[in-house]
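First up is the structure itself, then whatever we jot down about it.
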Amino acid sequence: MKIPELWYSVVVKDRHGKVIFRERRRAHSFLKQWNQFIWFFHFGGTISPKITTGAPTRLDSHDNNFRMNAGEGDASLGIVIGTDNTPVAIDDYAMGAQIAEGFGTGQMHHLVNTFGAPVISPPSCGYSISRIIVNNSGGLITVRESGIYHQHSYRYGPVAYNFYFYFSCGVRDVFTTPQDVPDGGSITVNYTLQVTE
Amino acid sequence: MTEKMKLKERLFYEVVVRDRHGKILERITTLSRSYVSAWNQCLYVLNRHTSCPIVDTGGVSRSVLYSSSVLRANAGVGEIDHGIRVGKGTTPITINDYALEAPCGEGMGIDQFLHQAMAASSPAVVAPDCSFWIRRVLVNNSGSTISGIREIGCYVMTKYSPRYCALGYRDVLPGSVSVPDGGSITVTYTLKVTA
């Protein structure tokens, strides 16, 4: 049976690279915005998904829509993490309490978002999205949620190519077990989207 | 640690056959088993903002670059390179399927349908679900019954110009469906995510 499945894995390492926790499970997590974007690409029309501030914002046709390939230090896009453990709801539009980019208290450094190309291995076809996020804050940080933010384009004014770029949350998961990331350590979050017979 | 949970993104289809007076002759509703590799490859292209070789509906591998045309299925009247299609193929689905096995063409000749414009609902939330449907009516004005309809699916655009399209999903029906002359077949797919 071929149905899209989203899986995530979490690996926590200490400052020496030793794995101190690993979890892999089927994600719980497609949100309303995910289906709104699929609808927009699939059929088109007027729709205003919420951006990560919670504001409904018109989605306009642009090649950047659904982009997740965040660069280093960019916590506005791609895989993100947070400290909140409120159960996932279909109307969620952001992390409950996102961990900001940086090196201060409660902050972590987001490395570049990486992708594994689609692999067709009958009966499955899947691709992966991964990110390493490093804790150089000076203290322990407990991570309880992860998700994916993707680009959301809004055209303003009468000029055809004037766009504001926002971000929407398509995926959110709350970990089974809160993950303590020690100072100097890291957390690696990997999402795999696959269809399987 | 591994914990399995119920699936969270699902695709359903409904097939309704009507006679020339609009009377429903047959209705099939079930969970689809049908996403194929090109669907995931299109998402990859959009998510990574990159290009990827994707086999088109002619069986030719095309380099597909991210664009606002990827995954488009809103075909107009008579357009059959994208949008919902029906056919007579019976071969079970595989992950590498790139087209319907024996799609019915556009027109009023033997085994041809008049493909109406695609229609869709807006995404609606009924917690914990968010879903929308896409639909197409295909009218049989061929002059005779078209029998042996066994497969349905949806072609999606991968490039606007030159036009390339790929198979997004395909299903084999549990039994043959016959559409009388003057009648129609309506195929509805519902795409749903559940929190």
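Determine, for B:His115, A:His16, A:His152, B:His49, the number of other Cβ atoms within 10 Å of each Cβ, and report the residues in order from fewest to most. Kindly include the intermediate steps, with their values, before the conclusion.
On the way: B:His115 24, A:His16 8, A:His152 30, B:His49 17.
With the fewest neighbours first, B:His115, A:His16, A:His152, B:His49 line up as A:His16, B:His49, B:His115, A:His152.
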Let me make sure I get this right: for chain A, a, b and c are the square roots of the gyration tensor eigenvalues over alpha carbons, sorted descending. Under 1.5 in a/c it's rounded, otherwise prolate if a/b > b/c, else oblate. Which is it? oblate
Anyone know which of A:Val171, A:Val80, A:Val12 comes out most mobile in the 10 Å Cα GNM of chain A? A:Val12
Return the single residue from B:Val156, B:Val55, B:Val126 with maximal mean-square fluctuation; model: Gaussian network over chain B, springs between Cα atoms under 10 Å. B:Val126
Taking Cα atoms only, helix B:37-48 is inclined relative to the longest principal axis of chain B by an angle, in degrees rounded to 10, of 40
Cβ density ranking, 10 Å radius, fewest first, applied to A:Lys13, A:Lys18 yields A:Lys18, A:Lys13
Once you've got the GNM for chain A with C-alpha springs shorter than 10 Å, pick whichever of A:Ser61, A:Ser153, A:Ser29 has the biggest mean-square fluctuation. A:Ser61
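Do you know the relative contact order of region B:30-194, to the nearest whole percent, from alpha carbon pairs under 8 angstrom that are 6+ apart? Working shown, then result.
Details: 420 pairs, mean separation 44.3, N = 165.
With pairs under 8 Å counted, the relative contact order is 27 percent.
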Arrange the following residues from fewest to most other Cβ atoms within 10 Å of their Cβ: B:Thr186, B:Thr194, B:Thr90. B:Thr90, B:Thr194, B:Thr186
Report, in degrees rounded to the nearest 10, the 0 to 90 angle that the Cα long axis of helix A:32-42 makes with the longest principal axis of chain A. 40
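We did not get these values from a lab; they are worked out from the coordinates using the rules stated. This is a predicted model, so every value here is computed, not measured. With ideal geometry, Cβ positions are generated from the backbone for all residues, glycine too; neighbour counts draw on all protein chains shown.
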